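Colleague: I have a structure I would like to understand better, so I am pasting it below and will then ask my questions one at a time.
The values are calculated or read from the model by the stated rules, or taken from the named source; none is laboratory data. Quick caveat, the model's predicted, so the values are computed rather than measured. Neighbour counts run over all protein chains shown; Cβ positions are idealised from the backbone, glycine included. Accessible surface is based on the protein model in full, side chains and every heavy atom, while ligands, DNA and RNA are left aside. Shrake-Rupley method; radii C 1.70, N 1.55, O 1.52, S 1.80 Å.
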Amino acid sequence: MAFPTQRPRRVRGNAILRELVRETQLDVRDLVYPMFVVPGRGVARPVPSMPGVTQLSVDRAVAEAREVRDLGIPAIILFGIPATKDAVGSEAYDPAGVVPAAVRAIRESVPDLLVVTDVCLCEYTDHGHCGVLRGEQVDNDPTLEILAREAVCHAKAGAHMVAPSDMMDGRVGAIRDALDGAGFASLPILSYAAKYASAFYGPFREAADSAPQFGDRRGYQMDPANVREALREVRLDVEEGADIVMVKPALPYLDVIRAVAETFDRPVAAYNVSGEYAMVKAAAAKGWVDEERMMREILTSIRRAGADVILTYHAKDFARRA
């Protein structure tokens, strides 16, 4: 075939035509906005490593949730920083704790916003690990009971969905059994199914006050080199009752998102994590990159890889510029 017959540039020369033939559509309705809730009243404490992200008391969280809803973002996920911490993270399942309080207040004031809660212990334990300890190792099975109690506590407060992020073996099944037994058989589980031991979590640990006091989390979070293991982890969570499965982080693991999306008949979520967000903000502050274009390109790449849902700190910025 002669060269001039095939000219792909023909459909790129007009903005309207480019949009007509665009293969991947990114919409504000695909996004979930993470929020950090702290004790007190009138608290709005900026997170230095994450410009635009703030730790909020419940009253301020309600106001931000209303803003999120007004921007067209359909959902939030709540992380709690408790008033006190102990070895077993007991405030994680306290009905008077900061996350249940935030769920109740947001559900009452912003009823048309989907409220998801993170289910983990790292924010609540004094050692910063995601479960109870035996020596310096996280003890898997005793942790499951506490995670299940936390999930039921959130469900009773009014959470629309719970999202276990701890990476304990069997936690989806334990949470499903506990929810069903407590009368929440219809409450869905968004499982952090393939969560990697990543260097991209650093700013989050500042935001959630959840850095481990010793060691690291490589004994329970996944090795960044593995993708077959990710498929095994997802399969186990699906078999245990996960309704939506998540890959975390997103940007360095686009191949994993694609593999999960092509292998399983479940909606796939991806978490555009704090380090990914912070790098964009830092480079933009230096004038080195076009922040809006980079944000859109990153989020589009995650969607293109196969994510149906994207958890991202960029959600409000994207919505304002959509």
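Colleague: Those residues that are over 21 Å from ARG258 (Cβ atoms) and part of a helix (DSSP H, G or I), I need them from segment 296-322; list them, please.
Modeller: Selection gives ALA315, LYS316, ASP317, PHE318, ALA319, ARG320, ARG321.
Colleague: Checking ALA242 against (1) under 17 Å from the mean Cα position of the chain (by Cα); (2) farther than 25 Å from ASP86 by Cα; (3) open to solvent by 40 Å² or more (accessible area, probe 1.4 Å): exactly one of these is not met. Which one?
Modeller: Of (1) under 17 Å from the mean Cα position of the chain (by Cα); (2) farther than 25 Å from ASP86 by Cα; (3) open to solvent by 40 Å² or more (accessible area, probe 1.4 Å), only one is false for ALA242: (3).
Colleague: Within segment 235-245, is there a residue that is among the small types (Gly, Ala, Ser) and in contact with a Lys or Arg (Cβ under 9 Å, 6 or more places away or on another chain)? Break it down stepwise before answering.
Modeller: Filtering segment 235-245 for residues among the small types (Gly, Ala, Ser) gives 241-242.
With in contact with a Lys or Arg (Cβ under 9 Å, 6 or more places away or on another chain) added as a condition, the list becomes 241-242.
Taking every residue of segment 235-245 in turn, at least one turns out to be among the small types (Gly, Ala, Ser) and in contact with a Lys or Arg (Cβ under 9 Å, 6 or more places away or on another chain).
Colleague: When you go through ARG41, ARG66, ARG29, ARG10 one by one, which is the residue that is surrounded by fewer than 18 Cβ atoms within 10 Å (Cβ to Cβ) and at pLDDT below 95? Write out each step before concluding.
Modeller: Working: ARG41 fails: at pLDDT below 95; ARG66 fails: at pLDDT below 95; ARG29 fails: at pLDDT below 95.
Testing whether each residue is surrounded by fewer than 18 Cβ atoms within 10 Å (Cβ to Cβ) and at pLDDT below 95 leaves just ARG10.
Colleague: So which residues in segment 22-72 are farther than 18 Å from SER109 by Cα, part of a loop (DSSP other than H, G, I, E, B) and under 19 Å from the mean Cα position of the chain (by Cα), if there are any at all?
Modeller: Those that are farther than 18 Å from SER109 by Cα, part of a loop (DSSP other than H, G, I, E, B) and under 19 Å from the mean Cα position of the chain (by Cα): LEU26, ASP27, VAL47, SER49, MET50, PRO51, GLY52, VAL53.
Colleague: Somewhere in segment 313-322, is a residue open to solvent by 20 Å² or more (accessible area, probe 1.4 Å), under 13 Å from ASP30 (Cβ atoms) and not charged (D, E, K, R)?
Modeller: Looking for residues that are open to solvent by 20 Å² or more (accessible area, probe 1.4 Å), under 13 Å from ASP30 (Cβ atoms) and not charged (D, E, K, R), one finds at least one in segment 313-322, hence yes.
Colleague: Run down ARG217, ARG228 and say which single residue is of a type in the set (D, E, K, R) and without any contact (Cβ under 8 Å) to a residue 60 or more places away in the chain. Spell out how you get there, then give the answer.
Modeller: Numbers: ARG217 fails: without any contact (Cβ under 8 Å) to a residue 60 or more places away in the chain.
Going through ARG217, ARG228 in turn, just one is of a type in the set (D, E, K, R) and without any contact (Cβ under 8 Å) to a residue 60 or more places away in the chain: ARG228.
Residue-wise test of (1) open to solvent by 30 Å² or more (accessible area, probe 1.4 Å); (2) under 28 Å from GLU136 (Cβ atoms); (3) assigned to a helix (DSSP H, G or I).
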{"position": "GLN213", "(1), (2), (3)": "yes, yes, no"}
{"position": "ALA230", "(1), (2), (3)": "no, yes, yes"}
{"position": "ARG235", "(1), (2), (3)": "yes, no, yes"}
{"position": "ILE257", "(1), (2), (3)": "no, no, yes"}
{"position": "ALA270", "(1), (2), (3)": "no, no, no"}
{"position": "TYR277", "(1), (2), (3)": "no, no, yes"}
{"position": "VAL289", "(1), (2), (3)": "yes, no, no"}
{"position": "GLU292", "(1), (2), (3)": "yes, no, yes"}
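Colleague: Given the criterion within 30 Å of TYR220 (Cβ to Cβ), touching a residue at least 12 places away in the same chain (Cβ under 8 Å) and either out of contact with any Leu (no Cβ under 8 Å at 6 or more places or on another chain) or buried (at least 19 other Cβ atoms within 10 Å of the Cβ) (or both), identify the matching residue among VAL47, VAL58.
Modeller: Result: VAL47 is the single residue among VAL47, VAL58 that is within 30 Å of TYR220 (Cβ to Cβ), touching a residue at least 12 places away in the same chain (Cβ under 8 Å) and either out of contact with any Leu (no Cβ under 8 Å at 6 or more places or on another chain) or buried (at least 19 other Cβ atoms within 10 Å of the Cβ) (or both).
Colleague: Name the pairs whose Cβ atoms lie under 7 Å apart, with the first residue in segment 259-288 and under 26 Å from GLU239 (Cβ atoms), the second open to solvent by 20 Å² or more (accessible area, probe 1.4 Å) and assigned to a strand (DSSP E or B), and 6 or more positions between them or separate chains?
Modeller: Note: pairs meeting the criteria are ARG266/ILE244; PRO267/ILE244; PRO267/VAL309; ALA269/ILE244; ALA269/VAL309.
Colleague: Consider PRO4 against the criteria (1) part of a helix (DSSP H, G or I); (2) under 26 Å from ASP308 (Cα atoms): it satisfies all of them except one. Which criterion is unmet?
Modeller: Result: PRO4 passes all but (2).
Colleague: For residues that are in contact with a Ser or Thr (Cβ under 9 Å, 6 or more places away or on another chain) and hydroxyl-bearing (Ser, Thr, Tyr), scanning just segment 114-142, find the one that is farthest from ALA157 (Cα to Cα).
Modeller: THR125
Colleague: Still on this model: All but one of (1) touching a Gly at 6+ places or on another chain (Cβ under 9 Å); (2) open to solvent by less than 30 Å² (accessible area, probe 1.4 Å) hold for ALA284; which doesn't?
Modeller: (1)
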